[in-house]
Each structure stands twice: as structure tokens, then as C-alpha cells.
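Let me begin by presenting the structure, written as C-alpha cells, before commenting on it.
The values are calculated or read from the model by the stated rules, or taken from the named source; none is laboratory data. Keep in mind the model is a prediction, meaning the values are calculated, not measured. Note that each Cβ is placed from the backbone with ideal geometry, even for glycine, and that neighbours are counted across all protein chains shown.
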Amino acid sequence: MADAAISVTGLRKAYGPHRVLDGIDLTIPQGTIFSLLGPNGAGKTTTVQILSTLIKADAGEIRVAGHDLAAEPDKVRAAIGVTGQFSAVDGFLTGEENLRLMADLLHLGRARGRARARDLLKRFDLTEAAGKPAATYSGGMRRRLDLAMTMVGTPRLIFLDEPTTGLDPRSRRTMWQIVRDLVEQDGVTIFLTTQYLEEADELAGRIALLSQGGLVAEGTPDELKRLVPGGRVVVRFADADGYRRVVPHLGATSRNDATLTAQIPNEGGVRTLKKLLDWLDGQAVEVAELTVHSPDLDDVFLTLTKEPAR
């Protein structure tokens, strides 16, 4: 695809007899957030290392940011940024010095580099801390500075690995909004790898699941959730008599006599739920609590992926 940020056909990589990637096909449109998920050892890191020019593929046609990866690796490197799981921030330098150092490495020139640093400090809400050593920053501030350093070179595509590991819920949501803004305001493409499935669900427009070197599913979060069963209703009854009287007729997949709860399959949505409640009401049974669980990305992950081959 001409407008794709990443286009991959037949990607393969092996280390001796161990085949890490076995014929991956992938297309990621520009200006989107894409997430690659999979168990540890499934090949996620190898995929990112190949696409970011760190290692070579054994086979496959790969275009990144409009350039042939094998023939034009320098052009690919000029168009991408990589923000790894472990921060590249120098704790002995201030926030501004870290950004200016990155500008010097990219040969932006003194005036342009200083201006770029000021702009990014403001954008990532680091202006007040600009003169403080990065070692004094909180975890959220360090991650924002790390991403700001990636943005010094105005990349068109960013490989973002575990962006919120170790952050508190507020800092995590702040980082999520920053990532969204990069896409919406700058048109940047984000290639996200994360172990937080909630994060992929929150951010990614499309998700691919990698298992044992191959893609087992790809689609929007909602499309993936529809691939697996798992809808259920958990009912907690108000009294033991009503519980014992109706549970044998509910088709429960599990029950707990001590807590008076039963788990009932629910694949029919609201209509099935209403039918259940009407039936319980007709039996004069009082329900103390009812919770509905729809399939989530955890269910998709556990159903579709396998433990990596040993």
C-alpha cells in the first residue's frame, strides 16, 4: 500500500533451528496507533528490531515510512523514532540538556536545537522542571522526557515499547493522552508493544496477536473481542433457599454454595439478561447482586495465543 507507514510481506527470521518469525504479513496505515500483542517469546521484540533496522530479516518484503528496509536503511532510520521500555534519559543532565544533546546528535544546529528543546519542554509539560537533573524526575516525567527526546527529530513513525510500565494510574492516563495527541495533531504513526491489554484496548485502532512466530488474529479491539466466547452473568442470591431452588435450572457453568453465587453463560446480550431476570422474578427469588462480563482482550489473548515453544 502506497499510503502505509509499514508494509510487510512474508517476514521470516530464525536463529539456527528456532524459527522466531514464520511468514508475517502486516500493513499499518499512516497516522494510526497499531499494537502488536503476544506472549513473551512470541517474536514481538524481534519484529520491532527488524522494522527499526537493528537486525536483518532472513526473508520478506518490507517497507517502512515509504522506504525499502533492505535497500534504504538510512532513510528508514531518518524517518523513525524508538522509545524503548528502558528510558534513554541521562539522569545527570537536566531535562533541557537531554533534549539539546539529542538535537546535537541529529545535527539540528545550535539555534534550531534550542528552539526545538523549548517547544518540546512546553508541549510535554516539563518547562518548570527543565533546569533540574532528570534523576530527580518522577517516573511519569521521565517517560514524558524520553518520548520528547524521540520527537526531537520529528519522526513520522515511533516504535513505542511499554510506555507506561511502573506508572501510577494518573501518569498512565497522561501518557495515553500524549500518545493520542501525537497521532491527531502531528500525524505520527505509533507502533505500540505493551503487556497491558487495557492500554492496547484504550489506544490502538488495530491490534495484531502474535503467537509462536505467526499472526493468529488482527482487527479492531471490538472485532477481536467478537472472535471468542466468554460472556457471562454472575448472580449472587439473597437467601440460601432461593439459591438452592433455582440454580439447578439455570444452566450454570459454576456455582459457589458458600457465597450463594452462580455463573451463567450469556451470549445473547441484553435480551438474554432480561429473560433471566424476568424468570427469577417469576420464581419469587430475590437477587442480591448481578454482574455482567463481556469478553475483553484478556479473554482474546488467553484463547488465541499459546505458550512459546521451548
Considering segment 158-172, residues that are surrounded by fewer than 15 Cβ atoms within 10 Å (Cβ to Cβ) and of a type in the set (D, E, K, R), and then whichever is nearest to residue 186 (Cα to Cα), we arrive at 170
Specify the residue that is farthest from residue 136 (Cα to Cα); the eligible residues are those in segment 79-96 that are surrounded by 20 or more Cβ atoms within 10 Å (Cβ to Cβ) and not β-branched (Val, Ile, Thr).
81
With respect to residue 179, is the statement that it is assigned by TED's automatic domain parsing to the domain that holds residue 51, under 17 Å from residue 202 (Cβ atoms) and surrounded by 14 or more Cβ atoms within 10 Å (Cβ to Cβ) true?
yes
Examine segment 178-198 for a residue that is basic (Lys, Arg) and out of contact with any Phe, Trp or Tyr (no Cβ under 6 Å at 6 or more places or on another chain), and state whether such a residue exists.
yes
Among 206, 245, 232, the single one that is closer than 25 Å to residue 176 by Cβ and surrounded by 12 or more Cβ atoms within 10 Å (Cβ to Cβ) is 206
Considering only segment 128-172, state which residues are of a type in the set (Gly, Ala, Ser) and in contact (Cβ under 8 Å) with a residue 60 or more places away in the chain.
153
Among the residues listed as 166, 140, 214, the single one being modelled with pLDDT under 95 and either on the phi > 0 side of the Ramachandran plot or among the basic types (Lys, Arg) (or both)
166
Given the criterion surrounded by fewer than 14 Cβ atoms within 10 Å (Cβ to Cβ), under 20 Å from the mean Cα position of the chain (by Cα), under 21 Å from residue 29 (Cβ atoms) and in the same structural domain as residue 27 (by TED's automatic domain parsing), identify the matching residue among 184, 199.
184
Residues (over 31 Å from the mean Cα position of the chain (by Cα) and not basic (Lys, Arg)) located in segment 102-125
104, 107, 108, 109, 111, 113, 115
If we scan segment 69-81, do we find a residue that is assigned to a loop (DSSP other than H, G, I, E, B), in contact with an Asp or Glu (Cβ under 8 Å, 6 or more places away or on another chain) and assigned by TED's automatic domain parsing to the domain that holds residue 210?
no
Going residue by residue through segment 260-267, is there one that turns out to be under 30 Å from residue 219 (Cα atoms) and hydroxyl-bearing (Ser, Thr, Tyr)?
no
Go through segment 76-100 and give me each residue that's touching a helix residue (DSSP H, G or I) at 6+ places or on another chain (Cβ under 8 Å), of a type in the set (Asp, Glu) and without any contact (Cβ under 8 Å) to a residue 40 or more places away in the chain.
96
Pairs only if they're at least six apart or on different chains, beta carbon under 6 angstrom, first in segment 274-291 and modelled with pLDDT of 90 or more, second part of a loop (DSSP other than H, G, I, E, B); list them, first residue then second.
286/238; 288/238
Wholly enclosed strands (runs of 3 or more DSSP E) of segment 1-51 bearing at least 1 residues more than 21 Å from residue 161 (Cβ to Cβ):
4-15, 18-29
